[in-house]
Amino acid sequence: MNIALRYAHITVNDPDESIAFYRDALGLEVRNDVASGGFRWVTLGSPTQPGLEIVLSEPHAGRSQADGDVLQELLTKGTLSMSVFSTDDLDATFERVRASGAEVLQEPIDQPWGPRDCAFRDPSGNMVRIQQEAKE
């Protein structure tokens, strides 16, 4: 039996602003953009690695008003789960994302548990970490 994660959802305030970050700064490509009930679900994936894709949606998309309100509050606080991406050239990726104007939380450093990584906030305040596996 094979099992693999297919989609990871990231809650954002503004899909267009977030597309610019995830597509233009991180280099993902838009795979699908679906509108329904006044909301959008935008799917992006890596052009070099098929499989896992991320889905951007607003807090109230497909949720009750109460649930959307709670999710919006957590998003505003910056307390939703972080996303971790990997790259084969952390320094170049860092410079590309920094040049996009994203808020830098941590410049590239070697972590004691192995990878070299950095961290940013996306336009909605979600933490995005980017790592490169340790060289052997």
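What follows draws every value from the coordinates through simple rules; no lab data is involved. Source: prediction; values computed, not measured. Glycine gets a Cβ as well: all are built from the backbone with ideal geometry, and neighbour counts include every protein chain shown.
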Inset, instruction - Having 2 or more residues that are among the aliphatic types (A, V, I, L, M) and out of contact with any helix residue (DSSP H, G or I) (no Cβ under 6 Å at 6 or more places or on another chain) is the bar; report the strands (runs of 3 or more DSSP E) wholly within segment 7-64 that clear it. - result: 7-11, 29-36, 53-57
Inset, instruction - Check segment 81-93 and report whether any residue there is out of contact with any strand residue (DSSP E or B) (no Cβ under 6 Å at 6 or more places or on another chain), surrounded by 13 or more Cβ atoms within 10 Å (Cβ to Cβ) and among the aromatic types (Phe, Trp, Tyr). - result: no
Legend entry - Residues satisfying the stated conditions in segment 1-39, i.e. out of contact with any Gly (no Cβ under 8 Å at 6 or more places or on another chain) and surrounded by 18 or more Cβ atoms within 10 Å (Cβ to Cβ): 10, 11, 12, 15, 18, 19, 21, 22, 25, 26
Inset, instruction - Sort out which residues of segment 37-78 are of a type in the set (Val, Ile, Thr), over 14 Å from the mean Cα position of the chain (by Cα) and over 30 Å from residue 135 (Cβ atoms), and write them in order of number. - result: 70, 76
Inset, instruction - Scan 89, 122 and give me the residue that is over 19 Å from residue 16 (Cα atoms) and acidic (Asp, Glu). - result: 89
